[in-house]
Amino acid sequence: MKRRRRKNWQLLLLILLTTITFILAFFFFFSGPREKIKAVAKEKSGEPSLPAGEEVKRQVTLYFPSAEDDLLHPETREIIAGPAEKEAAEIVAELISGSRAEYLSPLPSGTTLRQVFITQEGVAYVDFSRELVEKHPSGSAAEMTTIYAVVNSLIKNIPAIKQVFILVEGSERETLSGHINLNQPFSFLPSLLAR
């Protein structure tokens, strides 16, 4: 008889606990204030909206070495306006494609841009393919013009970039061909620009 009462109490307690659990779950999931999801309206900017597919272009100044001196000479190009990293990639692509005014190419043939990344502090990490090192001509002047053609072209045209760090195949290099230390970011160097 005691066993039966004990089992009945256990059964009653189990039913009571199950009921309380269901009631709590019901209140947890179906009560309280409802969170409404609102569609976020696009912020209106001061720029006019363009029809889909149209691109806004802007003019940039690139710097190319010359056979006449060790300076970098300006050349204007148009690129598609956009986010800073996209514009930086376009500027480097234009440097790789070479001068249209008979200046020298600042980068060895076959060099490709792997990636550009810009930090919040304004350091642009520009990652080139291995051809930048493997095919680079020797000499400190050649290294200097290669580095600063990239550095000055990016910093002059993109306000978000304050310094440029050059990588090769995703890694730091000591030098391109034995002369200029690549272990730190480079700043704009106006003394290399032709007047």
Between residue 8 and residue 69, 0.36 nm times their residue separation minus their Cα-Cα distance comes to what?
-> 11.7 nm
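In what sequence, largest accessible area first, do 20, 155 appear using a 1.4 Å probe? Each step should come with its number before you reach the end.
Details: 20 80, 155 30 Å².
Putting 20, 155 in descending order of accessible area: 20, 155.
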Dipole magnitude of the stretch 44-149, debye to nearest 20 (Cβ charges: Lys/Arg +1, Asp/Glu -1, about Cα centre) | 260
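For the stretch 81-165, state the semi-axes of the equivalent ellipsoid (square roots of 5 times the eigenvalues of the alpha-carbon gyration tensor), sorted largest first and rounded to whole angstrom. All intermediate terms of the calculation are to be shown ahead of the outcome.
Working: eigenvalues 89, 37, 30 Å².
So the equivalent ellipsoid measures 21, 14, 12 Å along its semi-axes.
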Calculate, in nm to one decimal, what residue 57 and residue 184 gain on full extension: separation in residues at 0.36 nm each, minus their alpha carbon distance.
-> 42.5 nm
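Run the numbers for residue 120 and residue 19: contour at 0.36 nm per residue of separation, minus the present Cα-Cα distance, in nm. All intermediate terms of the calculation are to be shown ahead of the outcome.
On the way: separation 101, 0.36 × 101 = 36.36 nm, distance 5.52 nm.
Gain in length upon complete extension: 30.8 nm.
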For every other residue with a beta carbon closer than 14 angstrom to the beta carbon of residue 159, add +1 if it is Lys or Arg and -1 if Asp or Glu, then tell me the sum.
-> 0
Please list 166, 80, 15 in order of solvent-accessible area, largest first, computed with a 1.4 Å probe with all protein chains present.
-> 15, 80, 166
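So which GluC sites (Glu not before Pro) in the stretch 71-163 end up in coil per DSSP with only 14 or fewer other C-beta atoms within 10 Å? Walk me through the intermediate numbers first.
Working: sites: 75, 78, 85, 87, 90, 94, 102, 121, 131, 134, 143; in loops: 102, 121.
Answer in residue order: 102, 121.
The values are calculated or read from the model by the stated rules, or taken from the named source; none is laboratory data. Here the structure is a predicted model, which means the values were calculated and not measured. Cβ atoms come from the backbone with ideal geometry, glycine included; neighbour counts cover every protein chain shown. Remember, those area values only see protein heavy atoms, side chains included, never the ligands or the DNA or RNA. Shrake-Rupley method; radii C 1.70, N 1.55, O 1.52, S 1.80 Å.
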